[in-house]
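Structure, as structure tokens:
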Amino acid sequence: MWSLDALPRVTCPNHPDSILVEDYRAGDMICSECGLVVGDRVIDVGSEWRTFSNDKATKDPSRVGDTQNPLLSDGDLSTMIGKGTGAASFDEFGNSKYQNRRTMSSSDRAMMNAFKEITNMADRINLPRNIVDRTNNLFKQVYEQKSLKGRSNDAIASACLYIACRQEGVPRTFKEICAVSRISKKEIGRCFKLILKALETSVDLITTGDFMSRFCSNLGLPKQVQMAATHIARKAVELDLVPGRSPISVAAAAIYMASQASAEKRTQKEIGDIAGVADVTIRQSYRLIYPRAPDLFPADFKFDTPVDKLPQL
């Protein structure tokens, strides 16, 4: 196990604690105390160009490639040839003489397209970079195993994103993933099961608490209502009032009950649009927990509407 302390450190032999000044033009490291050049031919890691206000936004002044990608076979260090503009770039038939297609294998090209799609989907639902990295790794494992032949790469990428969210503790519903992809919910669900089997991995079971804070925040509900809804959903599960119901529908029903008891009331349709469940699903779960409503609310909850006045549906 190595550490940064084990790496060689450039210092002045006469003044080891002095600050070294870098001369970018000459490429020298100079001691600030005595002026001794302690290192020469230092590589300048700064940009190699200057930006002017009249430069076009589409102009890329960089002459180096993209960052290294360890997920690709050659680290993505292959040469990418820019589009030619002069007569020497084309043959007598007007075709470009130099093609990028030959510089990247078909498998790398397929993975690059999948990685772009994963990044686009993650951006649409504001997922952090660590989710994208885990999704890319999952996709690479599945793609190299060739265990999902016949399934589209977009469907596999969508399922990998769903798995990565659950593994990182920020689960999203199938409908949320479906909304940012071009794949049906049914196909994502099929790929999800196949990937878990192929990679011999598992994901934690989702609970009502995984979605509660996000749903309440999107509905604009105060903290008191969110805490009450979380307590209602947890007690309903503990008392086995909602057997066979999905955590999402139970969470939606708990939010509806908590909001109806507070001053910040929300309709079934408003909650259903955020949670991605139908009004009838919310009503079915609500009917199961309504008879035990007095036992579900936290003791310190401030009622705007008494329990006996709550909608019976």
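Quick notes on this structure:
- Of the residues in region 245-258, none is outside any helix (DSSP H, G or I), of a type outside the set (A, V, I, L, M, F, W, C), farther than 19 Å from PHE211 by Cα and open to solvent by 20 Å² or more (accessible area, probe 1.4 Å).
- Qualifying residue in region 192-202 (condition: assigned to a helix (DSSP H, G or I) and within 20 Å of GLU270 (Cα to Cα)): no
- Residue list for region 174-193, filter: over 27 Å from LYS235 (Cα atoms) and open to solvent by 70 Å² or more (accessible area, probe 1.4 Å): ALA179, ARG182, LYS185, LYS186, ARG190, LYS193
- Pairs, first closer than 15 Å to PRO222 by Cβ and at pLDDT 90 or above in region 290-311, second open to solvent by 20 Å² or more (accessible area, probe 1.4 Å) and not in a loop (DSSP other than H, G, I, E, B), C-beta under 6 Å, six or more apart: PRO298/HIS231
- Matching option when the condition is without any contact (Cβ under 8 Å) to a residue 12 or more places away in the chain and assigned to a helix (DSSP H, G or I), among ASP133, ASP154: ASP133
- Filter result (in contact with a Lys or Arg (Cβ under 7 Å, 6 or more places away or on another chain), crowded, with 18+ Cβ neighbours inside 10 Å and either closer than 14 Å to ALA229 by Cα or free of Cβ contacts under 8 Å to residues at least 12 places away in the same chain (or both)) within region 266-289: SER285
Residues checked against (1) part of a helix (DSSP H, G or I); (2) in contact (Cβ under 8 Å) with a residue 40 or more places away in the chain; (3) among the small types (Gly, Ala, Ser):
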{"position": "ALA114", "(1), (2), (3)": "yes, yes, yes"}
{"position": "GLU144", "(1), (2), (3)": "yes, no, no"}
{"position": "GLU176", "(1), (2), (3)": "yes, yes, no"}
{"position": "LYS186", "(1), (2), (3)": "yes, no, no"}
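- Scanning region 259-289 for residues that are closer than 21 Å to LYS223 by Cβ, assigned to a helix (DSSP H, G or I) and hydroxyl-bearing (Ser, Thr, Tyr) gives a single hit, SER259.
The values are calculated or read from the model by the stated rules, or taken from the named source; none is laboratory data. As the structure is a computational prediction, the values presented were derived from the model and not from experiment. Neighbour counts run over all protein chains shown; Cβ positions are idealised from the backbone, glycine included. Just so you know, the surface numbers come from the protein's heavy atoms only, side chains and all, with ligands and any DNA or RNA stripped out. Shrake-Rupley method; radii C 1.70, N 1.55, O 1.52, S 1.80 Å.
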